[in-house]
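Written below as structure tokens is the structure these notes are about.
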Amino acid sequence: MTARDTPQNTPQNPAPQNTARGNGISVTHDLEPHDWSNEETAAYEAAIEAVNGAVGAYSATIAAEEAKDVPDPAVIEAARAAQGRLAKERERLRSADREQIAEARSRYARLAREVMADLT
């Protein structure tokens, strides 16, 4: 298909919209157009990884609780709820918001360390 063959976005043929959230589409799917510096790119990726690290820490909490002879369902449910909140917070990260990205990197890295420290 050539560029000429590609349907144009017009009022009769609008651009496709992603209305589903949390559907497995990458968090970068909804990013606004932005000229990124290498530093901004690295910072945004680090913020995403910090959130993912916190989600992983809660996964470790779930696994540790499930491995107990008598797991506490409340601990497991709380960890799963925290993972859900983190996923929503990850979706709200905006690459162009330097302050948000810097704060997220710090907060979620600290959260991951705290959750993991509770396991020991």
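Brief remarks on what is shown
- Scanning the range 91-110 for residues that are surrounded by fewer than 19 Cβ atoms within 10 Å (Cβ to Cβ) and either within 25 Å of residue 65 (Cα to Cα) or touching a Cys at 6+ places or on another chain (Cβ under 8 Å) (or both) yields a total of 3.
- Filtering the range 88-99 to residues that are in contact (Cβ under 8 Å) with a residue 40 or more places away in the chain and in a helix (DSSP H, G or I) leaves 88, 90, 91, 98.
- Residues located in the range 38-88, provided they are farther than 17 Å from residue 115 by Cα and touching a Phe, Trp or Tyr at 6+ places or on another chain (Cβ under 8 Å): 44, 47
- If the condition is being more than 22 Å from residue 110 (Cα to Cα), in a helix (DSSP H, G or I) and modelled with pLDDT under 95, then the range 34-83 contributes only 38.
- Of all residues in the range 60-90, exactly one satisfies the criterion of being open to solvent by less than 40 Å² (accessible area, probe 1.4 Å) and of a type in the set (D, E, K, R), namely 65.
The values are calculated or read from the model by the stated rules, or taken from the named source; none is laboratory data. Since the model is a prediction, treat every value here as computed from it, not as a measurement. Note: ideal-geometry Cβ built from the backbone for every residue, glycine included; neighbour counts use all protein chains shown. What goes into the accessible areas is simple: the full protein's heavy atoms, side chains included, and nothing from ligands, DNA or RNA. Shrake-Rupley method; radii C 1.70, N 1.55, O 1.52, S 1.80 Å.
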